[in-house]
1. Considering only segment 311-328, I want to know if a residue exists there that is surrounded by 10 or more Cβ atoms within 10 Å (Cβ to Cβ), of a type in the set (S, T, N, Q) and under 57 Å from the mean Cα position of the chain (by Cα).
2. Inside segment 375-394, can you point out the residues that are outside any helix (DSSP H, G or I) and in contact (Cβ under 8 Å) with a residue 12 or more places away in the chain?
3. Determine if segment 334-343 includes at least one residue that is assigned to a loop (DSSP other than H, G, I, E, B), without any contact (Cβ under 8 Å) to a residue 40 or more places away in the chain and in contact with a Gly (Cβ under 9 Å, 6 or more places away or on another chain).
4. Between residues in segment 286-305 that are assigned by TED's automatic domain parsing to the domain that holds I267 and residues that are surrounded by 10 or more Cβ atoms within 10 Å (Cβ to Cβ) and of a type in the set (F, W, Y), which pairs lie under 7 Å by C-beta distance while being six or more apart or on different chains?
5. Scan segment 91-100 residue by residue and report those that are buried (at least 24 other Cβ atoms within 10 Å of the Cβ) and at pLDDT 85 or above.
6. Looking only at residues that are under 21 Å from the mean Cα position of the chain (by Cα) and touching a residue at least 60 places away in the same chain (Cβ under 8 Å) in segment 150-178, which one is nearest to S201 (Cα to Cα)?
7. Does segment 51-64 include one or more residues that are crowded, with 17+ Cβ neighbours inside 10 Å and either at pLDDT below 90 or not in a loop (DSSP other than H, G, I, E, B) (or both)?
8. For T190, work out the one condition from (1) under 30 Å from N141 (Cβ atoms); (2) part of a helix (DSSP H, G or I) it doesn't fulfil.
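The values are calculated or read from the model by the stated rules, or taken from the named source; none is laboratory data. As the structure is a prediction and not an experimental result, all values here were calculated from the model. Neighbour counts are summed over all protein chains in view; Cβ atoms, including those assigned to glycine, are modelled from backbone coordinates with ideal geometry.
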Amino acid sequence: MKALAARTSGSPRRVSTLVAVLGVSLGLVSPASWALAQGSQDDGFFPLQGGGSAPPPPPPANVTPPPANTGSMTLEQERGNAALAEARQAMANGRYEQAINAYTTALDFLPGNTEAINGRDKALTMLNRGDLLPEAVQDINVMRQRAMAEHASYLTGASEAIARNDFFAARTFVTRARVNLEQSRQYVPTNEAAMTRDILSMSERIDAAERAYRDSVDAEALGTADAEKSAAARRQVEERRKIIDENLRRVRELQMEFRYDEALQVIDEILFLDENNPAALALHGAISNTKFWRDIVEIEKQKELGYSWNELENRASTIVPRVNLSGSGDRSVQGVLTYPEDWPNLSKRRSGEHSFVDTPENQAVYQRLATTTVPIDFQDNTFEQVVNFLSQVTGQNIYVD
């Protein structure tokens, strides 16, 4: 943007024109609004930086004239052809802004017209006189082609699913086509209406095919044992759908409670029932990412807390000892070294005959063993059973090393 601002310094009109052109290309500004804003400026072109003007390109070769009005042409076709003729003349005269307006108007009346699409892209490129617009136009073309290809692929998948009577998969493909249209709406402004019609038509086709399939199944099952099997299958499908809906609501509740591990477990249960469920797949990715970043935040929090405790211990270790002969806490005679408050007893327990005396706990066990006599027979018992028996009789916890 800095480079673009430098190339257009001193020319506010050129900056506003470039912004408006990008807006029309992305579908953010209507051609009628731009034409109204242009006013009488549409008949000229802007001077280049440093003086001079953009030379008009040579007239396009082999331009196909608009078809003659044979009387059977509709009003929209007549207006579209007139706009194409105006765009060709503007391109020949180097009036690229007027050409873009005319091509856009032609696309309104002739959706998907190849000449109008290519001509508008060429006019955008010629108007740019730099590096920004060609790259933007190329990116838009790539995104438009990708969106159209994915749209056709999803509709083809839905048709194939209908052919094999898999209506759940067909509706999944239609849902993906809707999501694709919502995400790429700005790249396919001229094809949006047609794509929407295709999606609605496919949805109606799925509903009709499913009704016909169910009617045929019911008709075949009447008076036979297959009726019960079909009803059981429908109940199974309905139960599976109810389970999935209930689990999705449960996932939402767990997500709001920040219980992401449990939410992921519920999502795994949904995917076990329907591995292509679009809602479960989307929630799995979103919750996994959220859990990842929350774990990072918690780790950073614990790390900072550990640093704080370490700093606290370091500061406590810098306290200079003080003389303490009879008070509470560690004792110190000269304020140089400190001793535990019960250091005489500790010294006695670690030296002399006291160092060989068992702990009070061990002495209690020895006393209990010496005074308790229990007839036992461990001939056919396992080691674990013996240990459990001894623990129960002595009332002590026995840990096997």
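1. The answer is no; no qualifying residue exists.
2. Passing the criteria: only I376.
3. Yes, segment 334-343 contains at least one residue that is assigned to a loop (DSSP other than H, G, I, E, B), without any contact (Cβ under 8 Å) to a residue 40 or more places away in the chain and in contact with a Gly (Cβ under 9 Å, 6 or more places away or on another chain).
4. Filtered contacts from segment 286-305: I287/Y260; T290/Y260; K291/Y260.
5. Those that are buried (at least 24 other Cβ atoms within 10 Å of the Cβ) and at pLDDT 85 or above: M91, A99, I100.
6. Only one residue fits best here, namely T175.
7. Checked against the condition, which is being crowded, with 17+ Cβ neighbours inside 10 Å and either at pLDDT below 90 or not in a loop (DSSP other than H, G, I, E, B) (or both), segment 51-64 yields no hits at all.
8. For T190, the failing item is (2).
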